[in-house]
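This report concerns only the one structure given below.
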Amino acid sequence: MRALLLLLLAPWFSAAGSAAQPPVGELPRAAPETQGISSSSVLDFIEAADAQIDTMNSFMLVRHGKVVTEGWWTPYDAASPHVLFSLSKSFTSTAVGLAIADGKLSLNDEVMKFFPEDAPAQPGANLKSMRVSDLLRMSTGHQTEPALTGSEPWTRVFLAHAVPHKPGTHFLYNTPATYMLSAIVQKATGMTVLDYLRPRLFEPLGIENPSWGTSPQGITLGGYGLSIRTEDIARFGQLYLQKGEWRGKHLVPADWVETATARQTSNGSNPESDWDQGYGYQFWRCRNGAFRGDGAFGQYCIVMPAQEAVIAITSGVRNMQAVLNLVWEKLLPAMRAAPLPADREAQERLSKRLGSLVVRPVAGTATSPTAAAVSGRQFFFAENPRGLESVAFEFTGSSPALVVRTSKGETRIACGSGRWQRGVSSFVNGMERRMVGPGEQKVAATGAWTADNTYTVKLCLYETPFYVTLSFRFEGDEVRFDSEYNAAFGPTALPQLVGRARQ
């Protein structure tokens with residue numbers, strides 16, 4: 001609704017010549033045509049993304065510093081934060097740049113000097129020569145990533161890992177290297193990266209309540225784990241487009257922006273891949289002269305200097321290149337240097353479409369002959385890795401519900417019929433072990449009968465890219481439970497569980 005209202009008001013903002021100064025950090029809004037891009041072209045992108053990408057979560061297009069389009073696929077919304085995964089790395093890079101500007105460290109500092117207590121007794125020559133710049137450009141000399149798990153200090157684990165290549169000569173995308181940058185900033189400044197960036201970046205940009213996970217040693221994760229809103233991503237991109245300047249003040253040194261987003265490392269030669277265009281200091285180079293921060297499953301902050309544009313996207317995809325392909329195919333050719341004639345009809349079509357965006361609910365019927373027979377029955381499972389003890393179903397009320405008991409207790413999940421219904425749940429089908437943290441999660445659920453004997457639920461963790469499809473097939477006193485994630489680190493389908501009702 002907010003996106004619809006803003007787009008309808010945008011022509012009047014433009015016609016007024018200048019609008020009131022927006023709240024701290026908030027970007028002004030304008031109609032697409034006033035910024036040289038047609039509403040019809042943006043609608044083509046939205047339609048293609050909705051049809052071809054499963055699942056888009058949010059999209060914001062900024063041109064000449066003004067938001068010209070914004071949309072969220074229900075149950076996602078503008079106010080909710082979204083986990084960034086490796087897009088977090090670009091924020092850690094910014095913290096390093098600020099710490100260098102503050103005189104706390106330098107690009108040429110040797111990594112080991114910050115952690116003498118964690119260094120191996122006899123470090124090799126390659127480890128001794130590894131520098132901050134090598135961490136930034138993912139050229140540490142490692143052949144494999146160190147495994148940062150467990151309670152042993154992660155800095156110690158990193159320094160103990162073999163370094164077979166001379167630092168600076170071998171590219172390896174290496175999330176532990178970003179963790180080390182975070183640890184170095186903390187050692188040099190006495191503050192976590194989150195706390196260090198709060199007054200220097202987050203507050204001036206109006207990024208409210210950023211959250212960022214920490215290691216067992218209390219060090220900001222650095223390479224992943226930051227959660228902020230879609231517009232926050234766009235503001236960060238606009239800051240970098242403006243060479244670090246924000247409302248007349250340089251938050252980030254311009255020379256750092258130039259260096260961090262330039263090609264610092266060669267990482268491939270495929271002209272069709274946006275992962276082969278070179279790597280900067282925790283930023284990727286893109287085709288078409290752009291650069292970006294990105295995170296697993298399609299979290300993007302795309303900066304297009306030649307077009308004076310920034311694109312923020314959150315999504316839950318397996319094919320990340322497909323999202324970028326649509327940007328280059330649909331949006332890039334549509335950007336013109338001069339304003340276009342007003343097109344109120346196209347703006348209204350775009351606004352209407354943005355207001356109807358939704359992650360696809362389960363397609364099926366609201367009831368089934370099986371519903372009455374299974375409603376209220378409890379089905380018990382043998383011991384399993386997900387800790388699932390039993391499930392029961394409520395089909396007699398106005399809102400169907402799935403009742404799940406695990407080793408941690410019972411949770412009731414209301415399932416909207418043909419729509420998403422929000423709630424909280426301690427049951428996320430094992431995702432807490434693989435992709436999200438422990439404890440209750442904000443969820444939205446939708447359910448339908450996809451066959452006479454099969455009830456299917458989609459459970460969306462709408463502050464993450466993930467949803468899981470839960471399929472319950474009833475056969476007499478048994479229920480066969482299958483489930484699959486939309487995206488995952490590793491296999492997406494889980495082994496079938498069979499539950500049995502007790503007489």
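None of the figures in this text is laboratory data; all of them are computed from the coordinates on show. All figures in this text were calculated on a predicted structure; none of them were measured in a lab. Here the Cβ positions follow ideal geometry from the backbone for every residue, glycine too, while neighbour counts run over all protein chains shown.
Odds and ends about this structure:
- Environment charge of Gly289, counting only residues whose C-beta is closer than 13 Å and scoring Lys/Arg +1, Asp/Glu -1: +2
- Diffusion coefficient, µm² s⁻¹, Stokes-Einstein with Kirkwood Rh over alpha-carbon pairs of segment 46-193 at 10 °C and 1.306 mPa s: 90 µm²/s
- Backbone geometry of segment 294-310 corresponds, through the Karplus equation with coefficients 6.51, -1.76 and 1.60 at θ = phi - 60°, to 3J(HN,Hα) couplings of 8, x, 3, 6, x, 9, 10, 10, 9, 10, 10, x, 5, 9, 6, 10, 9 Hz, x marking Gly and Pro.
- Mean Cβ neighbour count within 10 Å, used as a protection proxy, ranking 464-473, 71-80, 354-363 highest first: 464-473, 71-80, 354-363
- For the chain: relative contact order, % (alpha-carbon pairs under 8 angstrom, 6 or more apart): 16 percent
- Per-peptide average of other Cβ atoms within 10 Å, ordering 25-31, 421-427 highest first: 25-31, 421-427
- q = 0.08, 0.10 Å⁻¹: log10 I(q)/I(0) that the Debye formula gives for the chain, counting C-alpha atoms only: -0.55, -0.84
- Measuring between alpha carbons in the structure, the pairs from Lys249/Lys330; Lys66/Lys89; Lys352/Lys458; Lys66/Lys187; Lys243/Lys442 lying more than 30 angstrom apart are Lys249/Lys330; Lys66/Lys187; Lys243/Lys442.
- Trypsin sites (Lys or Arg not before Pro) within segment 272-333: DSSP coil, no more than 15 neighbouring Cβ in 10 Å: Arg318
- Unit charges on C-beta of K, R, D, E only; dipole of segment 371-501, Debye: 280 debye
- Additional length obtainable on full extension of the chain from Asn209 to Arg502, 0.36 nm per residue less Cα span: 100.7 nm
- Other residues whose C-beta falls under 10 angstrom from the C-beta of Pro495 contribute a net charge of 0, scoring Lys and Arg +1 and Asp and Glu -1.
- A cut-off under 12 angstrom between Cβ atoms defines the neighbours of Asp276, and their net charge, with Lys, Arg +1 and Asp, Glu -1, is +1.
- Between the amide H of Thr55 and those of Gly316, Val317, distances stay under 5 Å, these residues lying 5 or more places away or on another chain, with hydrogens modeled in the peptide plane.
- Segment 356-503: relative contact order as a whole-number percent, Cα under 8 Å and 6+ apart: 20 percent
- Restricting the GluC sites (Glu not before Pro) of segment 312-392 to loop positions (DSSP other than H, G, I, E, B) with no more than 13 neighbouring Cβ atoms within 10 Å leaves Glu383.
- The Cα-based radius of gyration and maximum Cα-Cα distance (Dmax) for segment 40-118 are 19.8, 60 Å.
- Along segment 147-152 the Karplus relation, 6.51 cos²θ - 1.76 cosθ + 1.60 evaluated at θ = phi - 60°, assigns HN-Hα couplings of 8, 8, 9, x, 8, 4 Hz to successive residues, with x for each Gly and Pro.
- For Leu251 and Ser399, a Förster radius of 35 Å and the Cβ-Cβ distance give a FRET efficiency of 0.15, rounded to the nearest 0.05.
- Arg29 long-range amide H proximity, modeled H, under 5 Å: Val67
- Amide H partners (placed H, <5 Å) of His82, local residues excluded: Ile228, Arg229
- Estimated [θ] at 222 nm from DSSP helical runs (n ≥ 4, -39500 (n - 2.57)) normalised by residues in the chain, nearest 500: -7000 deg cm²/dmol
- Rounded to the nearest angstrom and listed largest first, the equivalent-ellipsoid semi-axes of segment 120-204 from its Cα gyration tensor are 25, 15, 12.
- Across segment 373-503, Cα-Cα pairs more than 22 Å apart make up 29 percent of the total.
- Förster radius 51 Å - calculated FRET efficiency between Thr492 and Lys352, Cβ distance, rounded to 0.05: 0.95
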